[in-house]
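Visitor: Sharing a structure below in structure tokens format, with a few things to ask.
The values are calculated or read from the model by the stated rules, or taken from the named source; none is laboratory data. Predicted model only: the values in this text are computed from it and were never measured. Here the Cβ is made from the backbone with ideal geometry for all residues, glycine too, and neighbour counts use every protein chain on show.
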Amino acid sequence: MTTFLRTLEFLGLGLWLGGDVFLSFVVAPGAFHVLATRDQAGVMVGFALTRMHIGGVICGVIFLLARFARTRTFSNLATPAALCVLVMIAATLISQFTVSAKMAALRGQMGSIQATAADSPLLAEFTRLHSISVSLESVVLLAGIATMFFLVREVGRLT
């Protein structure tokens, strides 16, 4: 059972990291390259980002539950690996329910980001929020890489 639960930890983290990397380096740039307008690409990326956020939070919860079930102690949720996953979950929830929600509202007000005047305060706010969104996704990615390091180190100590 211990091996199965540790596998769930690695699987949850691996799926989340893989999804984040795929969205950031394949889906987003690809959408802006192949779709007819930046507005279409933005809608596509927003759609994918929402699904990735939901999946990521689910993977994070699975990670924490598997870790607790494997160790049967709450103190193991205060290890570096578990704390990094909690940071990932928090950054994802902030991104989805505050930043992305505000960006969607602004997108609706502008109608077309592409056609909005460069000096528009709505566009300036959208750009600011986009920068925050990218920063939060970077936090998730870096915390995920750190988590993987900590997990591998834990397994190495067992052998």
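Visitor: Give me the residue from segment 51-79 that is of a type outside the set (A, V, I, L, M) and exposed (fewer than 14 other Cβ atoms within 10 Å of the Cβ) and, out of that set, nearest to the chain's Cα centre (by Cα). Break it down into steps so the answer makes sense when it comes.
Guide: Our first condition is that a residue be of a type outside the set (A, V, I, L, M); within segment 51-79, this holds for 51, 53, 55-56, 59-60, 63, 67-68, 70-76, 79.
Next, only the ones that are exposed (fewer than 14 other Cβ atoms within 10 Å of the Cβ) stay: 51, 72-75.
Details: Arg51: 10, Arg72: 27, Thr73: 27, Phe74: 25, Ser75: 25 Å.
If we take residues in segment 51-79 being of a type outside the set (A, V, I, L, M) and exposed (fewer than 14 other Cβ atoms within 10 Å of the Cβ), then Arg51 is nearest to the chain's Cα centre (by Cα).
Visitor: Hey, can you tell me all the residues within segment 66-77 that are on the phi < 0 side of the Ramachandran plot and without any contact (Cβ under 8 Å) to a residue 24 or more places away in the chain?
Guide: Just the residues of segment 66-77 that are on the phi < 0 side of the Ramachandran plot, to begin with: 66-71, 73-77.
Scanning segment 66-77 gives Phe68, Thr71, Thr73, Phe74, Ser75, Asn76, Leu77.
Visitor: Please find, within segment 38-88, the residue that is modelled with the highest pLDDT out of those that are part of a helix (DSSP H, G or I) and charged (D, E, K, R). Break it down into steps so the answer makes sense when it comes.
Guide: Residues of segment 38-88 that are part of a helix (DSSP H, G or I), as a first pass: 38-71, 74-78, 80-88.
Then keep just the ones that are charged (D, E, K, R); that gives 38-39, 51, 67, 70.
Details: Arg38: 92, Asp39: 94, Arg51: 97, Arg67: 94, Arg70: 92.
If we take residues in segment 38-88 being part of a helix (DSSP H, G or I) and charged (D, E, K, R), then Arg51 is modelled with the highest pLDDT.
Visitor: Can you name every residue in segment 21-48 that is polar (S, T, N, Q) and under 13 Å from the mean Cα position of the chain (by Cα)?
Guide: Taking segment 21-48 first, the residues polar (S, T, N, Q) are 24, 37, 40.
Listed by number, the list holds a single entry, Ser24.
Visitor: Show the residue pairs that are 6+ apart or on different chains and have beta-carbon atoms under 6 Å apart, the first residue being within segment 27-39 and free of Cβ contacts under 8 Å to residues at least 40 places away in the same chain, the second being surrounded by 14 or more Cβ atoms within 10 Å (Cβ to Cβ).
Guide: What qualifies is Val27/Ala48; Ala28/Val45; Ala31/Ala41; Ala31/Met44; Ala31/Val45; Phe32/Ala41; Leu35/Ala41.
Visitor: Could you please give the count of residues in segment 89-122 that are polar (S, T, N, Q), in a helix (DSSP H, G or I) and surrounded by fewer than 16 Cβ atoms within 10 Å (Cβ to Cβ)?
Guide: Filtering segment 89-122 for residues polar (S, T, N, Q) gives 92, 95-96, 98, 100, 109, 112, 114, 116, 120.
Okay, now just the ones that are also in a helix (DSSP H, G or I), so 92, 95-96, 98, 100, 109.
Right, trim to surrounded by fewer than 16 Cβ atoms within 10 Å (Cβ to Cβ) and you get 98, 109.
Residues flagged as polar (S, T, N, Q), in a helix (DSSP H, G or I) and surrounded by fewer than 16 Cβ atoms within 10 Å (Cβ to Cβ) within segment 89-122 amount to 2.
Visitor: I'm checking my understanding of the structure. Among residues of segment 123-149 that are closer than 25 Å to Leu15 by Cβ, of a type outside the set (A, V, I, L, M) and buried (at least 17 other Cβ atoms within 10 Å of the Cβ), which one is nearest to the chain's Cα centre (by Cα)?
Guide: The qualifying residue nearest to the chain's Cα centre (by Cα) is Glu137.
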